[in-house]
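The values are calculated or read from the model by the stated rules, or taken from the named source; none is laboratory data. The model shown is predicted, which means the values in this text are computed figures rather than measured ones. Every residue, glycine among them, receives a Cβ derived from its backbone with ideal geometry; neighbour counts consider all protein chains shown.
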Amino acid sequence: MTALIFAACLILTVGSYLATRAIFLRFRHPLLNPVFLSTLVIIAVLQATGGTLADYQPAKELMTFLLGPATVALALPLYHNRAVLLSQALPVLAGVLTGSLATIAAVLVAGRLAGLSRGILVSLGPKSVTVPIAVEISRLAGGEPTLTAAFVVATGMIGSILGPLLLTAVRVKDPVARGLALGTVSHGQGTAVALLEGERAGAMGGVAMAIAAVFTALIAPYYLPLLLP
Amino acid sequence: MILNFLTIVWQSALLWLVYRLGGLLVGVLHLALPGNVAGMLLMFALLAAGVVKPAYIEVGGGFLLKHFAFFFIPISVGLMAFGPLMRQSGLTLLAILVASAAVGVLATGLCVQFLDRRGQR
């Protein structure tokens, strides 16, 4: 039975991915984000069949096994675009740092206006950086790591859907700027969307994700208290 | 087809090795980095130094990057656990996350575009 559930979860996930990817590649609209659509399908199926996250867990572990090596593979587009990176080092660095500071300030100010508790605010602070770092920042600042992990994933999804729409609306067409913006705000998920836009945007997504993670970890102990109640 | 599959497996194994090395490096040097990002930087250094030729990892790496989005699906399914919190204050949290994502995306995107244009003049 367990093996059957395991196989069903694998088939469901891979099947949803292939189907939603085909839909996305046909229409190329950010709202048709494959991660978003597949997640909806899988959660709906789990709920309809009485399945739980515990049932899904073994399949998840197998499927995310290659995420580490895939992140390492981002070195490849980075290497191919090293000339761009060198010649535009200043805009790249300035852009990522500005975006990181801005998104943290925005989430904390908006959260305070909404009257959220301090614990939730602290957990929201590092939501734009990759999960392993965000969780650590949250823990050190007195937040709730599991909640932070959920906010990171939600931000990844939101930024990868909204980001391309917004960038197009304000006429940011340069793949360097688009990739950096997506990677700064939506870490790996943003980078995944940037990769769908092209190799150069994807490379910049990877760069932004790395810089934002390191920078946010370094400034969090000083920056978060400034903005917290 | 089979040869291509084997190349992907073999090259992914090499990427996995560097990923683990990255994790090891973070532990030994107490870096403020996750292992995967350290691995990415390490691989970049290896490519730049010419120790690893792009051809060693191009097929496997290209495959993994082509399907990079896939890995975030099982992770996102985990949001299911936060159903009760979402029902209680989901809309507020959603609005806050949307607003802050918008601010961040615009800040980075416009900043880079502005500095780029100035640089090109």
If I filter segment A:83-91 for residues that are in a helix (DSSP H, G or I), over 23 Å from B:Leu65 (Cβ atoms) and either within 7 Å of chain B (Cβ to nearest Cβ) or at pLDDT 95 or above (or both), do I get at least one hit?
yes
Name every residue in segment A:170-229 that is within 15 Å of B:Leu106 (Cα to Cα), facing chain B (nearest Cβ under 8 Å) and part of a helix (DSSP H, G or I), in order of residue number.
A:Val176, A:Ala177, A:Arg178, A:Leu180, A:Ala181, A:Leu182, A:Thr184, A:Val185, A:Ser186, A:Ala208
Of the residues that make up segment A:116-126, is at least one crowded, with 24+ Cβ neighbours inside 10 Å, more than 7 Å from chain B (Cβ to nearest Cβ), more than 27 Å from A:Ala177 (Cα to Cα) and hydroxyl-bearing (Ser, Thr, Tyr)?
yes
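Test A:Ser160 against the stated conditions and say whether it is surrounded by 24 or more Cβ atoms within 10 Å (Cβ to Cβ) and either in contact with a Leu (Cβ under 7 Å, 6 or more places away or on another chain) or modelled with pLDDT of 95 or more (or both). Before you say what the answer is, go through the steps one by one.
Numbers: surrounded by 24 or more Cβ atoms within 10 Å (Cβ to Cβ): yes; either in contact with a Leu (Cβ under 7 Å, 6 or more places away or on another chain) or modelled with pLDDT of 95 or more (or both): yes.
When the stated conditions are applied, A:Ser160 passes them.
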